[in-house]
Amino acid sequence: MEPLIVTLKLDVDTFSRFDRLRREHFPAKLNHLSAHLTLFHHLPGEERDRVEADLRAVAPTAAVDLQVTGPRSLGRGVAFEIVSPPLSSLRAELARRWAHWLTPQDRQGFRPHVTVQNKVPAEEARALKASLEAGFSPFTARGEGLLLWRYLGGPWALEAEVPFI
C-alpha cells in the first residue's frame with residue numbers, strides 16, 4: 001500500500017506566497033505538488049486510521065505561530081527556514097508515537113522548511129537565494145492544521161485534514 005505523508009497546513013497568505021514562488025522556480029516537469037511543509041515523509045499506508053487518530057489526538061486547539069526566518073540553500077535549490085518551538089514539540093510527540101515506523105529520513109533532526117526550488121544547477125539556486133535574500137524581511141505565519149496525504153508515485157492525494165480549532 002502506498003505510504004502516507006504528513007504536512008502542516010499553512011495560512012492562506014503564506015501558502016499563496018510560497019506556492020507562487022514554487023511555481024515560478026521549481027522545474028515544471030518535476031513539480032507535481034503545491035508548496036508544503038513536511039512533518040513526515042513516509043509512514044505505513046496500511047496504518048492510515050491510526051495515523052489520522054494520532055493526528056487528531058495531538059492537534060493543538062489554536063493556530064501555531066511560525067517564524068519565517070529567510071531563504072536557505074539546498075545546494076541545488078532553495079527553501080525558506082521556519083522556526084516554531086510549538087511545531088517542533090508537536091512533531092516530536094508524533095515521532096515518539098510512531099518511532100517504530102520512522103524511516104531514516106524521518107528520524108533525522110527536524111528542520112522545518114518550505115522548498116520553492118530544487119533539482120536545478122547550483123549556480124541557478126545561488127542566484128535565486130541571493131535574489132530572495134535581497135528583498136526578504138522575516139515574518140510570522142501560522143500553521144492551521146495537519147494534512148494527511150497518500151503518496152502516488154509523484155503526486156499526492158489528500159486523505160484527511162485535521163484543523164487546529
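The values are calculated or read from the model by the stated rules, or taken from the named source; none is laboratory data. Quick caveat, the model's predicted, so the values are computed rather than measured. Reconstructed Cβ throughout: ideal geometry from the backbone, glycine too, with neighbour counts over all protein chains shown. Side chains included, ligands, DNA and RNA excluded: accessible areas come from the protein's heavy atoms. Shrake-Rupley method; radii C 1.70, N 1.55, O 1.52, S 1.80 Å.
Explain nothing, just the number: dipole magnitude of region 1-105 about its Cα centre with +1 on each Lys and Arg Cβ and -1 on each Asp and Glu Cβ, in debye rounded to the nearest 20.
Numbers: 14 positive and 13 negative charges, 67 e Å.
Dipole of region 1-105, to the nearest 20 debye: 320 debye.
At a threshold of 8 angstrom on Cα-Cα distance, excluding pairs fewer than six apart, so keeping six or more, what relative contact order does the chain reach in percent?
On the way: 314 pairs, mean separation 60.3, N = 165.
For the chain, the relative contact order is 37 percent.
In nanometres, what is the gap between the two model label sites at residue 123 and residue 161, each 7 Å from Cα along Cα-to-Cβ?
Computed distance between label sites residue 123 and residue 161 equals 4.3 nm.
Got a number for the accessible area of residue 158? Probe 1.4 Å, square angstrom, nearest 10.
Spelled out: residue 158, probe radius 1.4 Å, area about 90 Å².
Working from Cα positions, state the angle (0 to 90°, nearest 10) between the long axis of helix 85-97 and the longest principal axis of the chain.
The helix 85-97 is inclined about 40 degrees to the chain.
So what J values fall out for region 135-151 if you push phi through Karplus, 6.51 cos²θ - 1.76 cosθ + 1.60 with θ = phi - 60°, rounded to Hz, Gly and Pro as x?
x, 9, 10, x, 8, 9, 10, 10, x, 10, x, 10, 10, 10, 10, 10, 6
Choose one of 41, 71, 60: the residue whose Cα lies farthest towards the positive end of the charge dipole of region 33-81 (beta-carbon charges +1 Lys, Arg; -1 Asp, Glu; about the Cα centre).
My answer, from the dipole projection, is 71.
Given the C-alpha centroids of region 1-45 and region 108-141, what is the distance between them in whole angstrom?
Value for the Cα centre distance between the two parts: 14 Å.
What is the angle, in °, between the Cα long axis of helix 12-25 and the longest principal axis of the Cα atoms in the chain? Nearest 10 is fine, range 0 to 90.
Approximately 50 degrees, to the nearest ten.
Over the Cα atoms of the chain, each weighted equally, I'd like the Debye log10 I(q)/I(0) at q = 0.13, 0.14 Å⁻¹, rounded to two decimals.
For the chain at q = 0.13, 0.14 Å⁻¹, log10 I(q)/I(0) is -0.63, -0.73.
For a test of the definition: using alpha carbon positions, the gyration tensor, and the 1.5 limit on a/c, classify region 1-58 as rounded, prolate or oblate.
Working: a/c = 4.20, a/b = 1.67, b/c = 2.52.
Because a/c hits 1.5 or more and a/b fails to exceed b/c, region 1-58 counts as oblate.
Tell me, what % of the accessible area of the chain is carbon and sulfur with a 1.4 angstrom probe? Write out the running numbers ahead of the final one.
Working: 4350 of 8370 Å².
Carbon with sulfur: 52 percent of the solvent-accessible area.
What are the residues whose amide H is under 5 Å from the amide H of residue 145, where those residues sit 5 or more places off or on another chain and H is modelled from the backbone?
9, 164
Report, to the nearest 10°, how far helix 122-134 tilts away from the longest principal axis of the Cα atoms in the chain, using its own Cα long axis and a range of 0 to 90°.
90
Relative to the present Cα-Cα distance, how much length would full extension add between residue 105 and residue 46 at 0.36 nm per residue of separation? All intermediate terms of the calculation are to be shown ahead of the outcome.
Working: separation 59, 0.36 × 59 = 21.24 nm, distance 1.94 nm.
Net length gain for the segment: 19.3 nm.
Projected onto the charge dipole of region 110-165 (+1 at Lys/Arg Cβ, -1 at Asp/Glu Cβ, origin at the Cα centre), which of 160, 128, 148 gives the Cα projection farthest towards the positive end?
128
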